[in-house]
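First comes the structure, then the notes that go with it.
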Amino acid sequence: MKKSLFLFLCLFSTHFLFAQTESKPAVQSEWGFDGQCMLSTDGKYGFVNFGGPNIQLTIKKVKISVGMYPSLRYFDANGKPDLTPSLGFGLMLNYKKLVIGLPCYYVGEENRTVATFGIGIRLASKK
């Protein structure tokens with residue numbers, strides 16, 4: 001009985017023995033921030049755009065996204081500067097930290113949609 005118990009322990013205890021290996025703790029969770037800030041204009045209006053919900057395609061260091069972009073719209077109406085919130089929709093291209101965007105906005109006062117062009121910076125924390 002003692003020999004069979006000893007043999008059983010020797011055979012199955014070697015499963016847990018590894019020579020010169022480091023055991024790495026399993027990562028439970030990761031956190032991070034990924035967004036962008038961009039300035040865009042159509043010549044009449046100025047927009048400060050922030051990254052919102054989007055669908056993106058990533059190829060190496062380039063990200064192409066289509067999405068909604070919450071923004072602040074600045075314009076000068078009759079000599080009085082005005083700042084209003086706005087929601088844009090359009091394309092955005094990210095390369096490393098550079099952001100190039102083509103968002104479109106609806107302007108209710110003129111009952112039309114304006115297309116803008118802008119550049120900005122990508123804000124991200126390392127994970």
Notebook entry, point to check: For segment 68-106, what are the residues that are more than 18 Å from Gln36 (Cβ to Cβ) and of a type in the set (Val, Ile, Thr)?
Noted result: Thr84
Next item on the list: Exactly one condition in (1) assigned to a strand (DSSP E or B); (2) within 18 Å of Leu123 (Cα to Cα) is not met by Gly52; state its number.
Entry: (1)
Margin query: If I filter segment 100-111 for residues that are touching a Phe, Trp or Tyr at 6+ places or on another chain (Cβ under 8 Å), of a type in the set (Phe, Trp, Tyr) and either in a loop (DSSP other than H, G, I, E, B) or under 18 Å from Ala124 (Cβ atoms) (or both), do I get at least one hit?
Written below: no
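Within segment 62-77, does at least one residue satisfy the condition of being outside any strand (DSSP E or B) and either more than 16 Å from Asp42 (Cα to Cα) or touching a Phe, Trp or Tyr at 6+ places or on another chain (Cβ under 7 Å) (or both)?
No, segment 62-77 has no match at all.
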Check: Can we say Ser40 is in contact with a Pro (Cβ under 9 Å, 6 or more places away or on another chain), in a strand (DSSP E or B), in contact (Cβ under 8 Å) with a residue 60 or more places away in the chain and not basic (Lys, Arg)?
Finding: yes
Next item on the list: Mind listing whichever residues of segment 81-127 are surrounded by fewer than 18 Cβ atoms within 10 Å (Cβ to Cβ), in contact (Cβ under 8 Å) with a residue 40 or more places away in the chain and within 14 Å of Lys44 (Cα to Cα)?
Entry: Val107, Ala115, Phe117
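We did not get these values from a lab; they are worked out from the coordinates using the rules stated. Model, not experiment: these values are computed from the prediction. Virtual Cβ from ideal backbone geometry, glycine too; neighbours counted across all protein chains shown.
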